[in-house]
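Okay, so here's the structure we're looking at.
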Amino acid sequence: MPDTTAQNAPRNVSQRPLRLLAVGDCNTGGALGTAAKDRVSSRLAARFEAHGISCAEQNLGYTMSTTREGLARMQRDAEPADLLVLNFGLVDAWVTSIPRVYIPYYPDGVFKRLGRKLLKSVKRRLRAPLLRRFVPIGAVVPIEEYEQNMRRIMALAREQNPAVRILLWGTVPVVGDAERSRKISHYNVRLRNIAEAEPETWYLETMDVLKGLNPEEIYLDHLHIAAAAADRIAEEMLQISLTRMPLGANIPDLPNAA
């Protein structure tokens, strides 16, 4: 009988590494103390490698990031990508006092950190029931601006590589905060709508992927995803990539090839 071992073995179909770019908040960059190898994008890169697709990962996730920081990081730091994995909403949807007064986390510095500390102290005092009647409240990033920022991030990725595929993944709810979770769900719906309207773009409903896991397997705390959840998300991203995005087969023909 003929030897079919070589035919069934994973095949390295790429002439250069698939360029994976992840942009997002702390659930992309990894919560404090999370090893780099345990991030969703790193687990996804390892899965590509296991399927014979060499993968070079760039992770631009950052703690407390909104789409504003994501846009700044794309403009300053992003390298051309074949697959962009994008997730924001956890901080964008956060309702706060005087939302227009905002000090971004990127680029950061000593004076910004001091300013944020002072601003947080002021905003905590403004939560008093009597004052809340006179103080404006709202999302850190209004949903219309959120959509504009997301589309701009995607446009920047396409400027660097018109053939880039984009995978948007929804933000997980916050444990013990039904109102914040409700706000997050609105941003996830907007994210799904963006995916449906944009070419070569897919949406991953994260909580559908995590069904069957208990809260301890999903969360490190009340809002950061744990290793089991990251593993599930990375596996689903791999399946979407292999079945709906012919990434490996197209890599040799993409621009900016090494």
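The values are calculated or read from the model by the stated rules, or taken from the named source; none is laboratory data. Owing to the predicted nature of the structure, the values given are computational and were not obtained by experimental measurement. Counting neighbours? That spans all protein chains shown, and the Cβs are built from the backbone with ideal geometry, glycine included.
Would segment 186-196 turn up any residue that is in the same structural domain as Ala50 (by TED's automatic domain parsing), within 17 Å of Ser41 (Cα to Cα) and at pLDDT 95 or above? Taking every residue of segment 186-196 in turn, none turns out to be in the same structural domain as Ala50 (by TED's automatic domain parsing), within 17 Å of Ser41 (Cα to Cα) and at pLDDT 95 or above. If you filter segment 14-35 down to residues that are assigned to a loop (DSSP other than H, G, I, E, B) and under 17 Å from Ala163 (Cα atoms), you find that the one that is modelled with the highest pLDDT is Pro17.
A search for C-beta distances below 9 Å between a residue of segment 69-81 that is buried (at least 19 other Cβ atoms within 10 Å of the Cβ) and any residue that is assigned to a helix (DSSP H, G or I) and of a type in the set (Lys, Arg), counting only pairs 6+ apart in sequence or on different chains, returns Leu71/Arg152; Met74/Arg152.
Looking only at segment 66-93, filter to residues that are out of contact with any strand residue (DSSP E or B) (no Cβ under 7 Å at 6 or more places or on another chain) and in a loop (DSSP other than H, G, I, E, B); which one of those is farthest from Ile166 (Cα to Cα)?
Of the residues in segment 66-93, the ones out of contact with any strand residue (DSSP E or B) (no Cβ under 7 Å at 6 or more places or on another chain) are 66-69, 71-72, 75-77, 89-91.
Still in the list and also in a loop (DSSP other than H, G, I, E, B): 66, 89-91.
Values: Thr66: 18, Gly89: 17, Leu90: 19, Val91: 21 Å.
Looking at residues that are out of contact with any strand residue (DSSP E or B) (no Cβ under 7 Å at 6 or more places or on another chain) and in a loop (DSSP other than H, G, I, E, B), I get Val91.
Within segment 221-236, is there a residue that is of a type in the set (A, V, I, L, M), on the phi < 0 side of the Ramachandran plot, part of a helix (DSSP H, G or I) and surrounded by fewer than 19 Cβ atoms within 10 Å (Cβ to Cβ)? Spell out how you get there, then give the answer.
Of segment 221-236, the ones of a type in the set (A, V, I, L, M) are 223, 225-230, 233-234.
In the following step, the residues that additionally are on the phi < 0 side of the Ramachandran plot were identified as 223, 225-230, 233-234.
Of the ones still in play, those that are also part of a helix (DSSP H, G or I) are 227-230, 233-234.
Add one more test, that the residue is surrounded by fewer than 19 Cβ atoms within 10 Å (Cβ to Cβ), and what stays is 227-228.
Yes, segment 221-236 contains a residue that is of a type in the set (A, V, I, L, M), on the phi < 0 side of the Ramachandran plot, part of a helix (DSSP H, G or I) and surrounded by fewer than 19 Cβ atoms within 10 Å (Cβ to Cβ).
If you take the residues of segment 187-206 that are acidic (Asp, Glu) and within 15 Å of Met154 (Cβ to Cβ), which of them is surrounded by the most Cβ atoms within 10 Å (Cβ to Cβ)? So that I can check it myself, show each step before the final result.
So the first thing to find is which residues in segment 187-206 are acidic (Asp, Glu), and the list is 196, 198, 200, 205.
Filter once more, so that each one left must be within 15 Å of Met154 (Cβ to Cβ): 196, 198, 200.
On the way: Glu196: 10, Glu198: 17, Glu200: 15.
Result: Glu198.
For segment 141-155, the criterion of being in a helix (DSSP H, G or I) and at pLDDT below 95 is met by no residue.
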